[in-house]
Amino acid sequence: MYSFGPSDGSMFRKRMEEGAEHFVDASALDSRQLVERIQGDGIAILVDLMGYTGVQRMEVFAQRPAPVQVSFLGMLGTMGAKFIDYLVTDPHVVAPGMEKYFEEKPLRMPHSYLIAQRIEPGPKTTRPDHRLPEGKFVFCSFNNAYKVEPYTFDCWM
């Protein structure tokens, strides 16, 4: 895994670093250095998770450091770039027949492109069961709990 952004010290970043077989903090590498690193590591399939969002490094992908390059998660539409070979998607995001509008070849997952942990619903509960007020607005976030860090929670409050 190559990380383009510097460490923010978050729990999420720590999980990524610990969960990857190989984790490379590439934030200090310029584009040429990163291309050389990827090639030197012998990467056969390079997957971009950012698209044109956030901290992205499309100039690295444009130099084609890997023989196969894939867009996944960060950009649901086309990158419009000949250097991205495939887009991981599903039949809802890229409906059959829409391929002609994509530079990439769609790789459709059968149900959803988004991999998520399935949580079985528990027994039905009421607001009082959770000490929530009746008739009042309750703010909810359905993100994974580890993504809700103290800074983000303070911003919401």
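The values are calculated or read from the model by the stated rules, or taken from the named source; none is laboratory data. Owing to the predicted nature of the structure, the values given are computational and were not obtained by experimental measurement. What goes into the accessible areas is simple: the full protein's heavy atoms, side chains included, and nothing from ligands, DNA or RNA. Shrake-Rupley method; radii C 1.70, N 1.55, O 1.52, S 1.80 Å.
Just to be sure I understand, if you calculate log10 I(q)/I(0) by the Debye sum over Cα atoms at q = 0.11 Å⁻¹ for this structure, which of (1) -0.41; (2) -0.70; (3) -0.62 do you get?
Correct label is (3).
Per the 1.4 Å probe, what fraction of the accessible area of the chain, in percent, lies on carbon and sulfur atoms?
Answer for the chain: carbon and sulfur cover 58 percent of the accessible area.
Roughly how many Å is it from the Cα centre of the stretch 1-59 to that of the stretch 75-107, as a whole number?
So the two Cα centres are separated by 23 Å.
Seen from all sides and averaged, what is the projected area of the convex hull of the Cα atoms in the stretch 1-93, in nm²?
Seen from a random direction, the Cα hull of the stretch 1-93 projects 6.4 nm² on average.
Give me the accessible area per residue for the chain, probe 1.4 Å, as a whole number in Å².
Normalised by residue count, the accessible surface of the chain is 71 Å².
For the chain, set up a GNM with springs between Cα atoms under 10 Å and report which of Ile43, Ile84, Ile115 has the largest fluctuation.
Of Ile43, Ile84, Ile115, the Gaussian network model singles out Ile115 as fluctuating most.
Helix-derived [θ] at 222 nm for the chain: sum -39500 (n - 2.57) over DSSP H runs of at least 4, divide by residue count, nearest 500?
-5000 deg cm²/dmol
Between 0 and 90 degrees, rounded to the nearest ten: what's the tilt of helix 31-40 against the longest Cα principal axis of the chain?
80
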